[in-house]
1. Can you tell me the dipole magnitude for the chain around its Cα centre, using point charges on the Cβ only (Lys, Arg +1; Asp, Glu -1), in Debye to the nearest 20?
2. If the chain between Ala467 and His318 were fully stretched, how many nm would it gain, using 0.36 nm times the residue separation less the Cα-Cα distance?
3. Compute, for region 3-166, the length of the dipole vector about the Cα centre, with Cβ point charges of +1 (Lys, Arg) and -1 (Asp, Glu) only. Units Debye, rounded to 20.
4. So what J values fall out for region 233-245 if you push phi through Karplus, 6.51 cos²θ - 1.76 cosθ + 1.60 with θ = phi - 60°, rounded to Hz, Gly and Pro as x?
5. Got a sec? Charge dipole of the chain, +1 on Cβ for Lys and Arg, -1 for Asp and Glu; which of His493, Ser306, Pro43 is way out at the positive end?
6. Would you please classify the overall shape of region 3-166 from the alpha carbon gyration tensor, given that a ≥ b ≥ c denote the square roots of the eigenvalues, rounded means a/c under 1.5, and beyond that prolate means a/b larger than b/c while oblate covers the rest?
7. With +1 assigned to the C-beta of every Lys and Arg and -1 to the C-beta of every Asp and Glu, and no other charges, what is the dipole magnitude of region 180-263 about the Cα centre in debye, to the nearest 20?
8. With everything on Cα atoms, drop me the angle between helix 601-613 and the longest principal axis of the chain, reported from 0 to 90° to the nearest 10.
Amino acid sequence: MAETQMVTVALVGQPNVGKSTIFSALTGLSQHVANWPGKTSEPREGLYRNAGGGVRVVDLPGAYSLTSCSAEARITRDYILAERPPVIALIADASALERNLYLLTELLALPAPVVLGLNMLDVAEQQGIEVDADVLEAALSLPVVPMIASKGQGLAELMGAAVKLVHGAPYAPRRPQIRSDHREVLAEIERLIAGHVPPPYPETWAALSLLQGDAEVTAAVADRLGERWEPVHAILREHEDAVLAVASGRYQWIGRMVRAAVRRPRPGEITLTDRLDHVLTHPVAGLGALLAVLGLTFWLTYALGSPMQGWLEAHVVHELAQWLRTTLSAAPAWLVGLLADGVIAGAGTVLTFMPVLLIFFTLLGLLEDVGYIARAAYVTDRFMHSMGLHGTSFMPLFMGFGCNVPAVMATRVIDSRPARLLTILLAPLIPCPARLTVIAFLAPIFFGASAPLVAVGLAVLNLAALALIGFALHELLLGGEHIAFIMELPVFHAPDVRNIAISVRDRIIDFLKGAATIILVMSVVLWALYTLPGGDIEQSYLAAAGRFLAPVGAPLGLNWQMMVALLTGFVRKENSIATLGVLYGRGGEGFATVMAASITPSAALAFLVVQMLFIPCVATVAVMRQETRSWRWTLTSVGLLLVVSFAAGIAVYQVARLLP
């Protein structure tokens with residue numbers, strides 16, 4: 001079948017109804033599936049092949065209502081109105097049918113025929129809810145297809161019913177009406193705007209939108225009517241309660257449609273979700289459960305991932321570099337160094353991240369799929385409000401204690417763009433294991449038995465900086481406005497292995513596409529800086545940069561060697577230790593002894609403060625660029641951390657010098 005003859009089916013539905021699962025199963029395309037509103041940010045297209053040819057399937061963002069002010073609702077509404085798909089497949093959660101059918105009442109005011117996909121029947125059954133699809137179809141007078149998309153049931157039938165509607169199958173649905181006391185008002189509005197409604201708005205739908213106070217439609221119709229707008233405006237002012245008449249008429253219609261089709265459990269019957277939520281959403285027990293879940297997630301990620309990361313570093317990256325040096329022994333030294341220490345080191349950084357990311361994304365996908373992420377957001381919402389964020393920001397920030405890379409990528413669970421951006425900017429302030437390794441190694445050299453106290457103080461400093469910077473950025477980014485946070489707690493259900501696998505695959509691919517290239521390029525650039533022109537790091541361009549920056553380090557008591565150690569930590573924080581080992585190593589004398597004699601305690605403390613607050617590693621910066629899709633915001637974060645780290649270091653050094 002030629003592409004121009006293909007039938008287009010638009011998938012529409014509220015969040016958490018399995019719509020993207022259906023899209024992925026039908027088309028085989030990558031589409032992240034998560035138990036959180038607003039994961040799909042733009043229409044996605046794919047091709048479904050069946051015996052009759054092909055169907056172009058368009059997955060529209062989840063939206064509770066077409067009149068909502070959310071970005072998802074606007075994208076969905078604009079697509080339906082502008083593209084005029086020949087048929088709409090509305091996917092509804094059978095366990096929350098009344099709420100889901102509100103979207104149907106809005107779609108029935110539009111010209112496109114609708115087929116209803118009654119999904120998640122297994123989840124409804126777990127809650128003791130029985131839905132008779134045949135009775136519901138008779139009540140609605142439109143096709144209703146029973147589905148369990150997670151098991152592949154009803155997919156072909158949904159597409160078959162949609163195609164039949166396009167090809168002329170009988171379609172005469174029972175449409176809702178506005179409440180009886182406002183029907184004459186609606187009719188008068190329709191008469192006054194007839195012939196003056198700008199495309200692509202249908203006239204009846206536009207009249208309803210005016211009564212509901214839709215600002216976009218009101219502005220467009222008023223502009224088209226010009227001087228004739230005043231009579232319409234007068235009616236709208238007189239009937240400001242019309243929005244209630246529209247809504248109540250729709251809910252009355254929904255009640256009639258489901259009365260005979262839905263049978264609910266007896267009053268007082270407690271479901272599994274109710275039992276779990278009694279604990280998981282409790283102000284105290286919920287926080288305890290959250291810490292246990294996150295602790296287990298954290299432990300599994302690094303208990304399993306770190307050994308694999310170390311094995312890859314030692315037996316793949318290191319041995320491959322050694323093999324290259326042996327194989328290319330006759331080649332120019334600069335070429336061997338470029339490949340072994342630049343390219344392989346950069347690719348090795350990407351490779352060694354894979355086990356940690358794979359395990360973390362699998363666990364995150366599991367928590368999303370079963371419905372726990374919403375509970376985690378709920379119980380931490382009050383705490384996060386101190387920084388102008390809401391609960392969805394807690395888990396990404398918490399994961400920063402394991403690694404800032406997955407922490408930044410985990411911000412995808414945040415549906416508000418400003419809140420997600422703010423969380424990304426704050427994530428590098430969480431002390432990751434690499435920073436803590438540097439502190440654990442260097443603090444005993446300078447502070448001996450007081451090292452644990454110094455390390456704890458540095459971690460507290462980071463968290464205090466995070467809270468203060470978060471508050472300041474909230475005022476600047478959001479103008480001090482707290483983001484409205486309305487969440488749906490989805491029903492707990494068994495995880496879908498296929499959905500989790502798709503989410504893990506897509507996140508790993510996103511990381512490789514977006515971050516791997518930047519990591520590789522920056523690794524090669526830094527190799528060139530500390531190798532050229534002669535191969536001696538003390539005479540390299542990087543050392544020259546360190547000497548150039550020595551005046552910047554002077555207010556902190558830092559010499560050029562310490563500045564170079566900060567710069568090399570940009571690739572991996574542990575590189576700071578290796579760099580200091582090279583620069584302070586003197587024959588058989590340990591570099592720790594030389595450093596302790598060369599650096600004063602106040603300067604050492606300033607160095608550790610800067611190290612904790614300094615710009616993150618190149619992998620984190622690369623992921624920040626990938627997730628923000630903006631070099632401006634990425635460089636803003638880098639610049640902010642540079643200023644904060646050096647300002648804090650200077651303050652600590654100057655105060656420490658005054659102490660006895």
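1. Taking the Cα centre of the chain as origin, the dipole is about 960 debye.
2. 49.7 nm
3. Details: 11 positive and 17 negative charges, 93 e Å.
That gives a dipole near 440 debye.
4. 4, 5, 5, 5, 5, 6, 10, 5, 8, 4, 4, 5, 5
5. Of His493, Ser306, Pro43, it is Ser306.
6. Rounded shape, in that the Cα axes give a/c under 1.5.
7. It works out to roughly 620 debye.
8. Taking Cα atoms only, the helix is inclined about 20 degrees.
Read-outs throughout are calculated quantities, based only on the coordinates presented, and are distinct from any laboratory measurement. Quantities reported herein were computed from a predicted structural model and do not represent experimental measurements. Because the Cβ atoms are built from the backbone with ideal geometry, glycine has one as well, and the counts that use them run over all protein chains shown.
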